[in-house]
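Student: Take this structure, written in structure tokens, and hold onto it; I'll ask about it next.
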Amino acid sequence: MRIKAIEEPISIRPLQQNIDRITIYGSNSTTPIQTNEIGRIVLSGEVTASPIVYTEKTFIGLYSQNQIQSLPAQDISVQTNLSYAIVNRSENPVTIFLEISPNDKDYAPDSEVTVSGFTTQALTPMRFLRYAKISFQSAKTDQSAIFDIYYQAQSG
């Protein structure tokens with residue numbers, strides 16, 4: 001509490017609701033805090049709660065080759081949780097590259113994993129940029145793999 005000035009004499013008596021007043025100001029120092037008729041603080045403004053939004057994209061029956069191929073980029077700017085699941089449906093391994101970009105043009109490597117035959121692995125970006133995409137190629141020359149990739153994300 002800050003007292004700006006004291007005028008003499010100071011009345012030392014119990015405060016009375018119908019006579020005395022105290023005004024409390026918020027952090028902007030210009031608008032007093034409002035109370036209702038029984039003295040409770042009146043809250044104003046909007047409170048919003050964002051619902052959780054689930055996003056999924058599925059890429060089934062992908063076929064790896066010796067050259068790198070890419071899936072469409074995902075805008076991950078509003079995602080709070082995201083991951084890619086890679087399900088290898090063949091005996092040959094596939095190498096998966098997770099790349100990130102600030103502008104959907106210039107991509108930087110984020111992480112890489114080789115998924116063995118008939119296994120499933122999950123991949124999540126280690127760093128944040130607005131876009132993410134998966135690229136892939138056969139882990140062994142001239143040994144293609146068939147696999148599925150699931151992109152799943154939550155926001156909110």
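Student: Could you grab the pairs with beta carbons closer than 6 Å, sequence gap of 6+ or different chains, first residue in segment 52-75 and open to solvent by 90 Å² or more (accessible area, probe 1.4 Å), second one acidic (D, E)?
Tutor: Every condition considered, the pairs that remain are I60/D148.
Student: Restricted to segment 125-151, and to residues that are β-branched (V, I, T) and open to solvent by 70 Å² or more (accessible area, probe 1.4 Å), which residue is modelled with the highest pLDDT? Spell out the reasoning first.
Tutor: Going through segment 125-151, the residues β-branched (V, I, T) turn out to be 134, 141, 146, 149.
When the remaining residues are screened for being open to solvent by 70 Å² or more (accessible area, probe 1.4 Å), the result is 141, 146.
Details: T141: 94, I146: 98.
It comes out as I146.
The values are calculated or read from the model by the stated rules, or taken from the named source; none is laboratory data. This one's a predicted model, so the numbers in the text were calculated from it and none came from an experiment. In this analysis, Cβ positions are derived from the backbone assuming ideal geometry, glycine residues included, and neighbour counts consider all displayed protein chains. The protein model used for the area step is the full one, side chains on, heavy atoms only, and it has no ligands, DNA or RNA in it. Shrake-Rupley method; radii C 1.70, N 1.55, O 1.52, S 1.80 Å.
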